[in-house]
Every structure is written in C-alpha cells, then in structure tokens.
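Here's the structure, in structure tokens; my notes come after.
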Amino acid sequence: MAIIFYMASAIAVIATVMVITRHNLVHALLYLVVSFLAVAIVFYVLGAPFIAVLEIIIYAGAIVVLLIFVIMMLNLRQESVAQEKQWFSGKIIIGPLILASILLVEMLYILTSGEPAGLSENMIEAKAVGMSLYGPYVLGVELSGILLMSGIVGAYHLGRQKKKVTHRFLEKKEE
Amino acid sequence: MLFLSERKEVVMSREDLLNIVPLFILTSAAILILFSIAIKRNHKVIYVITALSLLADFIFLVTVDTPAKGIIEPLFIFDGFGKFNFGLILITALALTMLSYAYFEQREERKEEYYILLILATLGACTLVISKHFVSLFLGLEILSVSLYSMIAYLRKRKRSDEAGIKYLIMAAFSSAFMLFGMALIYYTTGSMEFGAIASYLAPFSKLPLLMIAGLGFLLIGIGFKLGVVPFHMWIADVYEGAPLPVTSFIATVSKGGIVILLVRFFLQINGHQYTSLVVIFSVVAIASMFIGNLLALQQQNIKRILAYSSISHMGYILVAFLAGGSLGIEAVAFYLVAYFITTVGAFGILTTLSDSQRDAELFDDVRGLFWRRPWTAAIFSAMLLSLAGVPLTAGFVGEFYIVAAGVQGNMWLLVIILVINSAIGLFYYIRIISIMSEKQEAIDRPEVTLKPSVYFISGITIAALVIALFWVGIFPDRLMTLIRFLIFS
C-alpha cells in the first residue's frame, strides 16, 4: 500500500505543477481534475474513505461545472465544436490521460488485491465523521453555514452588476 | 483518537446556552435582514434592525448574569477576557453601523446587503475572541475575511474598489493557506487542535520542537497578515484606500482587534513567553512595524493611506504590550484596544461625514481650511488625531502610557525606547494634517450636502459619543482600568 500512496502523491504533485504552468484555462482544469483524483486516492490509502469520496464528488464535480461555465461564458455558437476539438486534441489530452490511467490502475489494484485498505490501523468511516461533526463540532458546522451565507450574499451583490473599468493599469488598453 | 470509542453525548447546560445566545442573536439578525430584503428593500428599516440587534446583543451580554467562566467543549471559552472583547467588538460595530447610514444613503448602489455582511463579519470577529480551538479559530477568521472581501469591493462603481477587493482576497486566501498548513504541522506534533491540549503537550519542553516552530511560524504568517504587521503589510494601504470608509474603519478596528485577542489567548495558553525564538520573532516584527509604519506614513499625501500606515505602527505598539506579558501586559493590550477603537472609529467617522456621494474625503484638499468651514468637525478630527499620536488628556495617551508601563515592568527597554521614538515621529504627520486643516483658504465651490439633516444627526450623535468617550477615558482612565482588571481576573 505504501507504494500506491507514494505514486498517488507524486501524481498529485506533478498534476498540480502542470495546473499552474498551463496557459490555457481548460487544459489547466484537466490537470486539476487529475490532481483531485490523486489526492482522493491519497486520502483513501491514509484511511479516510469518506473524505476521498467527498474529494471526488465536491472538487472534481465542481471542476466539471466550471468547465461547463467556461463554455457557456465564452458563448461560442458555430465555432464551439471546432473549439472543443482543439481544446481536447490528442496532444493536449495525453498528459492527463496517462496520469489518470495510472490512478485507475491503482484503484483497480486496491479493489482487487484484497490487502487491508489503509496504511493506518483504523479506517475512519462516514459514520465517524458524521458523529464528530454533529457531536462535539456541531457549533462548527453551524459556523460553516454562516460562512457560506456570507459568501453567497457577497457574491450576489458583487455579481449583480457589470462594471466597465476593471483596473487602473488596464484602463488604457481597454479604450 | 476516535470520538466514537467513548460515545460522548453533547449536553448543553443552561449556562452554556446563555453564553452562546449573543452569537445566536447576531445570526438571527442576519437572517432577519435577509427576509426583510426579500419582502421589501428599505435602507432605513434594515439599518434599524441592524442597530437594534447589535444594541440588544450588547445589552444582553452586559446584563445577563452568566458564570464567570463557561466552556463549551471543544470550541469555545467564555471568560472575562473574551466577554470584554466581545462587548467591545459589538459596541464598535454598533458605532460603525450608525456612521454607515449617512454614508450609504448618499450612494446609488443597493445598500442593504452591506448590513448583512457587517453583522456576519462582526460575528466572525466575535467567534475569534472566544475560540480556544483551531476549528473555531479558522471558521471565525474565514467568516470575517469572506464578508470583508465583498464589503471592501462593495461600491462597485468606484474605481479602486475591485482592485482593493481582489488584493485582499488573494492575500487573505494565501495567508489562510499558510495558516492551515501551520495548524496541520502543530496538529501533527501535538495530536490536538485545542489550545489547552497543545499547551499541556508543550509544557515539558524548554525548547520548542522543530516542527512546532515551523507550525507556529506558518500560523504567525496568517495572523501577521491579518494584523498587517510589517513583513505582511503590503496590502494595507491599497485596501484602506479602496474600501468604503466605514469598511476601512471596520478592518482597522474589529478585524484587527479580534486577531489581537486571539493571539494573546493562544500565546498565553502555550506560555509563549518562555520560548526565546518566539519572543525574538515578535520583537523583530514589532520594531519593524513601528519604524516602517511611521516612516511610510510620513511620505503619504492621502489621509486614508496615512491612517493605514499609522495603523501598522499601532499594531507594533500593541505587540510591545503583548510581548511584555504578565497581567499588566494583558491589561495594557485590552486598554489600548479600547482607546484605539474609539480613536480610529472617530477619525474615520469624521472622514465619513465629510465624504460626498462621488468619493471619500481622503485628500489633503478635502480637509484644507476645515477649521474655518466647519470648526467643530475640525476640532473633533484634531482631537482624534492627537489621541492617535498619544497626546495627554486623550485616550491614546493613557493607552500608550499603559504599554510603556507594561514594557518597563517586563524589562523590554529596547522596545520601549523605540516606541517612544516612534510616538515622536508619529506626532509629526498627525500635526501636519491638523496644520493643513487650519490653513486659511478662500471659499471654494463644494457640492452642498444633499441629504436631510436628520440623517447626519445620527452620525453627529455617534461622533459626539466617541469624543466624550475619548476624553473620559483619557482623563479618568481608572474606571476602565478597574473594569478590565475585574473582568480579566474574575
């Protein structure tokens, strides 16, 4: 199991470095998904299957939504198919694909090998997470709700109206 | 390690509930405003709800008799120190709400969301001052910062608002990341995220373990950013300048005050004064903050920026009291915070009342000849500036005196001498503003105030109350001192 841990960690690091060095937003997002998947495996191997699943549902899921938003916001009509082909062309996709397939192999190995799943002794099940969240940390959960509320109210206000001038250094370029 | 092993029931006693009601009141106020907006947008109604709920919260905190020390495991502690600062934050938020009304009434944007964010940010700061666990610390800090992002960029039509908001967002997110990593390292070393447990793990060590130093270092980066002390001060001037004036004073007072209290609590609990490495780090930060803050303030041409840089040096002063430690040190921190809050809210409050609907009064030209145009306003502004400079008879003087006393008692001669030198430097730029105000100037065309006078009446009363507090604390500080002593050591 240790080797799986190190491989997944290495993939996470490589993918994240690729994220911050890509120039194209969509390509960066592809690597970001891979990075989240790798982190999920790391969590699983460390004995936190619930967090691993959350990592995929929330983060990787959010990336997919983000991708859709990018396509929506660019508002491409006729040329959108061509654009998409260019974004996901073979040369670009090969890096994330290799990394993702290593992760897939790791996952299949975990599922089929029958070895005890975690590096650590005690696996923390979803039940344990729930028990501590709604037990001693229930006030923390409520505070996170408030945190979300402040985020939503702020986003609603800031996103409501468009602004012409964005930055004092960019003003001249835009004119 | 698991909580499951001993199935712990969470039982909240009546005292616990009473202790936590102030937080509930704030939350309910935010939700009430949300509903009120959903029914009808009315600036005045929402302003009244905000002010009343803050006032009710404060009255509840002061009058309802709760045991001297309540603990809600594992997140919160309600001791005298926490409650004192909780009340201080509430009353400051109330004063800021009062001043905000006239300011936002002039503007055309939607004003109502501001009050929700204000209340939530206050809630975040209040969570900070009573937290004794990294979870509540981080959640409180994030509630505070997330509300502040949008409050800073609130006036979307203004030029610098987005820039300030984005700068704060990036810096705050980055510093939060550092902080989380620091917490992870501390958790890895000590096996706990609760201050008390960390302290008992550290107690046998005379020198900090290496990972612990790294963890604390990362933690201090996060805290240092929020305080705006010197290596992490880059954002302060731009954010102060870009934010609407009431928000600027919120950042200067409530946001920083909450963190200071948290830092004091954490540092005292882990008994940080016995570790030379920590004391050296803080001393360097304090000295650098005092000097760089004051020297940069000397070169500014914008009052908001001057106050921004002066706030850096004031945080340096507070760090001196904090380093002095002991009971006198804590008293000095609490007292100085009160004096600093009164003065800062007052100074920004005056600028708020001078602002017109287009822009904030922040340039020297806005206050040039103010003594001849509006003598009372100018006199009050001068009083606030002199208090910031630490001139006798004002609250700022007593605060600084307290810090010097604490520093002398703690044998921090170097820091005390530097503090005195810096007060002298500070005096120079505060007096420069006053001298500009007293320059005689021919009447220039200024857009007349368009709002009804009753709107300014509320701001006027608030500022009058602040002035009275300023001199009352400055001339009879003993009442406040006894109160602080009573609360902290009860």
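The values are calculated or read from the model by the stated rules, or taken from the named source; none is laboratory data. All values reported here derive from a predicted model rather than from experimental measurement. Glycine gets a Cβ as well: all are built from the backbone with ideal geometry, and neighbour counts include every protein chain shown.
Laid out as a table, the results:
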{"read-out": "Flag for B:I72 being within 14 Å of chain A (Cβ to nearest Cβ), out of contact with any Ser or Thr (no Cβ under 9 Å at 6 or more places or on another chain) and either modelled with pLDDT of 95 or more or closer than 25 Å to A:V138 by Cα (or both)", "value": "yes"}
{"read-out": "Residue match in the range B:132-141 (condition: polar (S, T, N, Q) and in contact with a Cys (Cβ under 9 Å, 6 or more places away or on another chain))", "value": "no"}
{"read-out": "Boolean, B:I77 is closer than 21 Å to B:V260 by Cβ, within 14 Å of another protein chain (Cβ to nearest Cβ) and more than 17 Å from the chain's Cα centre (by Cα)", "value": "yes"}
{"read-out": "Single condition B:Y187 does not satisfy, out of (1) more than 13 Å from every other protein chain (Cβ to nearest Cβ); (2) under 24 Å from B:F232 (Cα atoms); (3) not β-branched (V, I, T)", "value": "(2)"}
{"read-out": "Residues (within 13 Å of B:G242 (Cβ to Cβ) and without any contact (Cβ under 8 Å) to a residue 24 or more places away in the chain) located in the range B:163-190", "value": "B:I166, B:L169"}
{"read-out": "The range B:169-191, residues that are surrounded by fewer than 20 Cβ atoms within 10 Å (Cβ to Cβ) and touching a Ser or Thr at 6+ places or on another chain (Cβ under 9 Å)", "value": "B:L169, B:A173, B:S176"}
{"read-out": "Residue ID - modelled with the lowest pLDDT, chosen from residues in the range A:57-80 that are surrounded by 10 or more Cβ atoms within 10 Å (Cβ to Cβ) and not in a helix (DSSP H, G or I)", "value": "A:L76"}
{"read-out": "From B:S100, B:S136, B:S147, residue being part of a helix (DSSP H, G or I) and under 27 Å from B:S13 (Cα atoms)", "value": "B:S136"}
{"read-out": "Looking only at the range B:74-108, and only at residues there that are aromatic (F, W, Y) and in contact with a strand residue (DSSP E or B) (Cβ under 9 Å, 6 or more places away or on another chain), the one that is surrounded by the most Cβ atoms within 10 Å (Cβ to Cβ)", "value": "B:F86"}
{"read-out": "Listing of helices (runs of 4 or more DSSP H) fully contained in the range B:334-396 that carry 1 or more residues being at pLDDT 90 or above and of a type in the set (A, V, I, L, M, F, W, C)", "value": "B:375-389"}
{"read-out": "Test: residue in the range B:343-358 that is aliphatic (A, V, I, L, M) and under 30 Å from B:F267 (Cβ atoms)", "value": "yes"}
{"read-out": "Any hit, the range B:311-320, residues being more than 12 Å from B:V229 (Cα to Cα) and in contact (Cβ under 8 Å) with a residue 12 or more places away in the chain", "value": "yes"}
{"read-out": "Residue check, A:A2 more than 26 Å from A:N122 (Cα to Cα) and aliphatic (A, V, I, L, M)", "value": "no"}
{"read-out": "Selection from the range B:28-67 of residues that are surrounded by 15 or more Cβ atoms within 10 Å (Cβ to Cβ) and farther than 28 Å from B:I130 by Cα", "value": "B:S36, B:I37, B:H43, B:V45"}
{"read-out": "Neighbours by Cβ (under 7 Å, 6+ apart or cross-chain): first from the range B:114-137, free of Cβ contacts under 8 Å to residues at least 12 places away in the same chain and within 15 Å of B:I259 (Cβ to Cβ); second charged (D, E, K, R) and not in a helix (DSSP H, G or I)", "value": "none"}
{"read-out": "Failed item in (1) more than 23 Å from B:V473 (Cβ to Cβ); (2) part of a helix (DSSP H, G or I), with B:V320 passing the rest", "value": "(1)"}
{"read-out": "Residues located in the range A:11-24, provided they are more than 14 Å from A:L99 (Cα to Cα) and either among the β-branched types (V, I, T) or loosely packed, with under 12 Cβ neighbours inside 10 Å (or both)", "value": "A:I20, A:T21, A:H23, A:N24"}
{"read-out": "Top-ranked residue in the range B:115-168 [being among the small types (G, A, S), farther than 14 Å from B:F86 by Cβ and more than 7 Å from chain A (Cβ to nearest Cβ); ranked as surrounded by the most Cβ atoms within 10 Å (Cβ to Cβ)]", "value": "B:A121"}
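Every residue, every condition in (1) touching a helix residue (DSSP H, G or I) at 6+ places or on another chain (Cβ under 7 Å); (2) modelled with pLDDT of 75 or more; (3) exposed (fewer than 15 other Cβ atoms within 10 Å of the Cβ); (4) within 12 Å of another protein chain (Cβ to nearest Cβ), yes or no:
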| position | (1), (2), (3), (4) |
| --- | --- |
| A:A82 | no, no, yes, no |
| A:W87 | yes, no, no, no |
| A:L103 | yes, yes, no, no |
| A:S113 | no, yes, yes, no |
| A:A128 | no, yes, no, yes |
| A:K164 | no, no, yes, yes |
| A:K172 | no, no, yes, no |
